[in-house]
Amino acid sequence: MAVKLARLQEFMLTASKERVDFIHEFEFTQAPVQTAQPHKTYLTFYPDRNHSLSSIQEFLLESETDIQPLITRLRESDNLYEQIDLLETLTRLKGLEFDTGLGGPGRAATVATLLDEVYNKAASLRLWAIIRRSAGLLGKVDVGLSDAVTDILVRQKQIAVGKAYSEASLITSPMSHDEILAKIEEFVRQDIRDRPLTQEILIYLSVLLKTDPQLFKGLLTLRVGYLILLITNELAQELDYTPDEAYDHLMQLSPFEVKNRLHQVLAGYETLNQNLFQQESLKVKQPQSIQWPQSIQWKVVAPEATADEAEGDWWRRRQRDGALNRVPKNFYPNVWQVLEHCKGLVIGDKLDRRNRLDSDPLLSEMTPGEKNFALRVEHLLNKIQAPEYRQVNIETLMELAALFDRNPDLQIEEYLVLDVLIGHAVRLHWLDRHPEQVEYYDEKKATAWRSFYQASPEECASYVAKAMQFLTELGQSHAA
């Protein structure tokens, strides 16, 4: 029988034990190893009743703020996917040490205890999405993470975690497990599953740097979040999925399959990088009233800043307004108007399907002034952790509403992904001022974002419009 080599964690998921009763005359020279007692379980478990929830079901569980209905549903649930959703919401609202009461009198059943139970049950079924999600919520760290990061650094590479383009997200010197985990928790996206996935990618990068160093030619900074995005995009193209559907599929893959996908992405990095650019393009429906592109009015006159507003630090103003959750007058009806001109909106992390607003059901089931609609949009905005970025999202939605108001026949066939649109606005804003850096923009992203945050709302709005023009023209040329 061939010997198989792998990491201990992978073997533990398939390990089993067997009692040997037939060696009657054999005596152990030492006391046998004590068998661990099985953990007390508090949640209902049927291996054949686990199934993914719909995006609406996930959204409703995520947005619930009343503790008692969550605990009641947790007590009644027999679906691991529903249980992990409920436990994530409880973690956010009450923390890991909150006693759910499921243990009965005198027996604590904390959120952490229940998460550990779900983790072990998911491991027995190899439900990798639930394993990663519960590991992220529990703050688990891979024992080889610090060594992997050190291996990468000694090979003259630096690491960027998350998608925040700032120097603070870089790892440029060796760190302990806890320090790396703290860095990941600070900068990795709001989707908790991304934290253990980031650890996996870092470990696989260290292995591939040793075995296939040619894959990293020309790459100085290994941007883990961007590599995950490239893997997701490749899956989306192969399976004809939306980005969030492809990300959900990625989360179901085993660690071995993730490593293979990472290898493929590194091997075809330049091509996949260009493909991602093309995938972000927007296609326009062209009724007879639209003569593309001459009849589109891309320039929207934004209100001029007052004398007081014209002076000062716009980044700090955005941090303040974003922290206070301020929105302009008629903001929510304006968001409704945007939905009338596209397939839907994605506010916040584009790989989290709970952040998608589908136009058809919302427009048919709600009204522009309905409180439930405003609460749903507000919930997505509140999930954005950086207040200055939350404020830029609000400004972008207002600019889109003004753009569609000026072009009432303009219809976009795809979802408008604010992350993508703002990202291109930042790029265009920077390269207009530094055209000589077009080949090195990836290394300048942190500076480019700082520059964008410091620009006035009028200036930012103009580049949001330019980004829309760029993506729609790219979509039309791609279709041709």
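No lab work stands behind these numbers, since they all come straight from the coordinates. Predicted, not measured: the structure shown is a model, and the values here were computed from it. All Cβ positions, even for glycine, are placed from backbone atoms using ideal geometry, and neighbour counts span all protein chains on display.
Here are the numbers:
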| quantity | calculated |
| --- | --- |
| Rough spin-label spacing in nm, given labels placed 7 Å along Cα→Cβ, for T221 and R406 | 3.3 |
| Amide hydrogen neighbours beyond the local backbone of C342, cut-off 5 Å, H modeled | I412 |
| Exposure proxy order (Cβ contacts within 10 Å, fewest to most) of Y46, Y241 | Y46, Y241 |
| Spin-label model distance (nm) - M366 vs Q274, 7 Å beyond Cα toward Cβ | 4.1 |
| Segment 170-242 - Rg (one decimal) and Dmax (whole number), Cα, Å | 13.7, 40 |
| Orientation-averaged projected area, Cα convex hull of the chain (nm²) | 29.7 |
| Stretchable slack from S295 to D313, in nm (0.36 nm times residue separation minus alpha-carbon distance) | 2.8 nm |
| Segment 145-278, relative contact order [Cα under 8 Å, separation at least 6], % | 26 |
| In degrees, nearest ten, helix 177-187 long axis to first principal axis of the chain (Cα) | 30 |
| Computed magnitude of the charge dipole of the chain (debye, nearest 20; Cβ of K, R +1, Cβ of D, E -1) | 460 |
| Fully extended contour minus Cα-Cα distance, from R107 to E378, at 0.36 nm per residue | 93.7 nm |
| Bins of 10 Å from zero: percent of alpha-carbon pairs in segment 284-479 | 8, 35, 38, 17, 2 |
| Angle in degrees between helix 80-94 and the longest Cα principal axis of the chain, rounded to the nearest 10 | 70 |
| Helix axis angle, 145-154 relative to the chain longest principal axis, alpha carbon, degrees | 60 |
| Modelled label reach - F256, point 7 Å along Cα→Cβ, segment 114-128 residues with backbone N closer than 19 Å | 123-128 |
| Calculated FRET efficiency for the pair N330/R126, C-beta based, R₀ 35 Å, to 0.05 | 0.10 |
| Relative contact order of segment 53-167, defined on C-alpha pairs under 8 angstrom at six or more residues apart (%) | 18 |
| Additional length obtainable on full extension of the chain from D432 to D78, 0.36 nm per residue less Cα span | 121.9 nm |
| Rough spin-label spacing in nm, given labels placed 7 Å along Cα→Cβ, for T150 and A182 | 1.9 |
